[in-house]
Structure formats: C-alpha cells, structure tokens
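Heads up: the structure comes next, in structure tokens.
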Amino acid sequence: MPEHRLLEISGKDAATFLQGQLTCDIRRLDNQDALLGAHCNPKGRVISSFWIAKTQGDAIALRCHASIAEKALATLKKYIVFSKAQLVPSNKIALAILGWKPGQFPALGNIPERGKFSIHNELTVIHHSAGELEVWVAPEQAVSLWQSLAAEAKPASQQLLSRHWVTNGIAEVQAVTSEEFIPQMLNYHLIDGISFKKGCYTGQEIVARMQYRGQLKKHTYQISGDGTATPAIGTSLTLPSAPDKDVAIVVASTSNAVSEKEEPWRGLIVCTNEARETADWLIDKNSGAKFSWAPLPYAIP
C-alpha cells in the first residue's frame with residue numbers, strides 16, 4: 001500500500017488523547033475493533049481520516065493517505081502538548097491481501113473476525129468488514145513475511161485495492177479534499193466512522209448538530225464511467241442541463257486497467273442529494289466525459 005502511511009501514538013495518555021480528537025470511540029480498541037475515524041477542525045470539517053488499531057503495548061497506529069500524512073501529524077500535534085503521549089511517523093508498512101482463504105497464511109496467526117484486529121508476532125492484522133486483510137509490519141520483518149506468503153499470495157496493485165474500497169463505498173480524505181466535508185458527507189455515519197455516544201471531540205458540536213437537527217444535503221455516491229476518462233481526486237462534476245453548476249466532487253478514483261477482464265471505471269463522489277435523485281448522469285465539463293450512477297453496498301436513508 002505505497003499510497004498510505006502510518007502514524008503511531010504511544011504513552012499513558014495515548015487513548016485518552018485520541019478519544020478527545022477523533023470521531024470514533026477509541027475505547028472500542030480494547031475489544032479489538034478496527035476503527036474508521038476522522039479528525040475534524042472546530043467547524044466539523046474533516047482534516048484527515050484514518051483506519052485505527054493497536055500495535056504493541058499502549059501504542060496505537062493510524063493509517064492515512066500519504067498525501068495527508070504530514071498535515072495530519074502536524075494538526076494532531078497541536079493538541080497533544082499537554083498529554084503524556086508521543087505522536088510520530090511510523091516506519092511500519094501497510095500490506096493488503098485480497099481473495100484469501102481461512103488458514104491460508106499461518107504466519108499471520110489466527111485471523112480475527114470481520115471488523116476486528118489481532119496482534120501476532122508484532123504484526124497487526126486487520127480483517128476489514130469488506131473482507132480484505134491488512135497487515136502492519138516493520139520493514140525488517142516485511143521481507144521474511146512476504147517470503148512466507150509468496151507461495152499463496154500475489155501482489156495486488158494499488159489500483160486494485162482502490163477499486164475494492166470504491167466498490168465498498170469507503171472514501172478517505174486526501175490532501176486535495178482536506179477540510180472540504182463534514183464526516184456525514186463521506187457517509188461515515190453509515191459505515192461506523194462516527195460515534196454519537198462517546199462525548200466531546202474537536203468538531204463534535206457541528207457533527208452532532210447535523211445528525212440530530214440539520215438536513216444533510218450531500219452524501220457520497222458511487223459512479224461508473226466507460227473508462228475513457230478517469231477524473232482525478234477533486235474534479236468537479238456538473239449536470240448535463242447546467243454545465244456551469246458544480247454538484248459533485250470526486251473523492252475516490254480508480255483506473256479501469258486493474259484486471260484481465262474489462263471493467264468500467266468506478267469512483268466515489270460527494271454529491272448533492274437533489275442531483276442524485278433527478279439526474280440520469282453527470283459530466284466532467286473539462287473532458288466532456290459522462291458518468292452514470294452505480295450502487296453502493298449499503299443504503300443511504
């Protein structure tokens with residue numbers, strides 16, 4: 001997963017600090033729940049998003065997109081000054097495994113249930129709810145680990161991984177989309193990325209107000225194209241009837257050249273609910289490419 005980086009926080013106050021900063025309930029790590037979470041600014045806009053699990057002892061690791069890693073680290077450090085905790089870039093590598101079978105990889109120990117993580121021989125193994133495995137491993141262990149997996153596993157391209165996450169409707173924040181959306185616009189309230197019972201955290205008042213009193217006018221939707229155009233993250237899409245009116249922003253994009261069989265391009269967009277309900281397709285006004293709607297694996301109420 002070369003497009004991702006790990007940050008690691010350790011110390012007596014590590015969990016307490018993160019509990020007061022992120023949208024997810026860090027206490028669930030004690031139950032070995034792998035968590036999706038976001039760090040918001042005081043206006044409730046997502047600065048960075050993470051997958052979160054424990055590593056060793058009291059250490060907790062946060063996996064984010066590489067383009068946002070420095071900003072995520074710097075922003076969190078602004079709040080950590082008075083905590084007995086240290087937040088540093090981790091040298092660990094994140095590996096992903098798709099299409100695996102139970103018992104296939106003894107080097108990973110007992111694979112946890114979906115949505116959980118386990119720690120085995122200093123490896124953190126996450127079994128995501130979408131089915132893939134993610135392994136956090138130190139560089140000095142990576143070669144031997146890969147050698148033990150090589151007989152059964154083949155390296156997956158970043159494009160294939162991106163398609164997997166897009167198909168499962170899981171968006172992450174990158175540098176170009178930082179501080180653009182509140183977590184609900186990324187559907188985090190629908191995929192267990194926000195706790196509404198944990199108490200205060202930065203931006204919590206705005207996020208809670210939208211959940212209980214506001215009217216959310218945008219969600220994340222999946223779109224499909226013919227493969228002739230693959231819009232970059234941050235590209236604006238418009239209505240065919242109103243090409244000067246931006247109604248959506250691309251937040252996840254994949255290449256269609258990810259397998260031996262022909263597959264349409266897929267992407268995730270944050271889009272107005274009105275456009276989703278009334279338009280048959282959207283267009284990229286710069287390229288003229290058309291995009292149709294594709295189903296998500298979960299319902300948007």
Subset of segment 1-33 [assigned to a strand (DSSP E or B) and not hydrophobic (A, V, I, L, M, F, W, C)]: His4, Arg5, Glu8, Ser10, Asp33
Restricting to segment 108-131, name every residue that is open to solvent by 50 Å² or more (accessible area, probe 1.4 Å), assigned to a strand (DSSP E or B) and closer than 13 Å to Leu35 by Cα. Lys116
Would you confirm whether or not segment 258-271 contains a residue that is crowded, with 19+ Cβ neighbours inside 10 Å, in contact with a Gly (Cβ under 6 Å, 6 or more places away or on another chain) and on the phi > 0 side of the Ramachandran plot? no
Are there any pairs, at least 6 apart or on different chains, whose C-beta atoms fall under 9 Å, with the first in segment 28-54 and on the phi > 0 side of the Ramachandran plot and the second open to solvent by less than 10 Å² (accessible area, probe 1.4 Å) and of a type in the set (Phe, Trp, Tyr), and if so, which? Gln32/Phe117
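If only one of Trp146, Trp165 is within 30 Å of Ala107 (Cβ to Cβ), out of contact with any His (no Cβ under 7 Å at 6 or more places or on another chain), open to solvent by 50 Å² or more (accessible area, probe 1.4 Å) and part of a helix (DSSP H, G or I), which one is it?
Trp146
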Tell me, please, whether a residue that is touching a residue at least 60 places away in the same chain (Cβ under 8 Å) and farther than 20 Å from Val46 by Cβ can be found in segment 264-272. yes
Test: Leu36 is closer than 21 Å to Glu172 by Cα, open to solvent by less than 30 Å² (accessible area, probe 1.4 Å) and assigned to a helix (DSSP H, G or I): no
Could you list all residues from segment 182-198 that are assigned to a loop (DSSP other than H, G, I, E, B), touching a residue at least 40 places away in the same chain (Cβ under 8 Å) and of a type outside the set (A, V, I, L, M)? Asn187, Tyr188, Asp192, Gly193, Ser195, Lys197, Lys198
Does any residue of segment 204-218 turn out to be buried (at least 20 other Cβ atoms within 10 Å of the Cβ), in a strand (DSSP E or B), at pLDDT 90 or above and of a type in the set (A, V, I, L, M)? no
Hey, Tyr221 modelled with pLDDT of 95 or more, part of a loop (DSSP other than H, G, I, E, B) and either more than 21 Å from the chain's Cα centre (by Cα) or among the hydroxyl-bearing types (Ser, Thr, Tyr) (or both) or not: no
Does segment 134-143 contain any residue that is in a loop (DSSP other than H, G, I, E, B), open to solvent by 20 Å² or more (accessible area, probe 1.4 Å) and touching a residue at least 24 places away in the same chain (Cβ under 8 Å)? no
Residue set Ala15, Ala59; condition open to solvent by less than 20 Å² (accessible area, probe 1.4 Å) and over 21 Å from Val251 (Cβ atoms); output residue Ala59
Report yes if some residue within segment 91-107 is part of a loop (DSSP other than H, G, I, E, B), in contact (Cβ under 8 Å) with a residue 40 or more places away in the chain and under 17 Å from the mean Cα position of the chain (by Cα); otherwise report no. yes
Of the criteria (1) out of contact with any His (no Cβ under 9 Å at 6 or more places or on another chain); (2) open to solvent by 10 Å² or more (accessible area, probe 1.4 Å); (3) within 18 Å of Glu134 (Cβ to Cβ); (4) at pLDDT 90 or above, which one Lys78 fails: (3)
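The values are calculated or read from the model by the stated rules, or taken from the named source; none is laboratory data. Predicted model only: the values in this text are computed from it and were never measured. Using ideal geometry, Cβ is built from the backbone for each residue, glycine included, and neighbour counts are taken over all protein chains shown. Ligands, DNA and RNA are stripped out before the accessible areas are found, and what is left, the full protein with its side chains, is counted by its heavy atoms. Shrake-Rupley method; radii C 1.70, N 1.55, O 1.52, S 1.80 Å.
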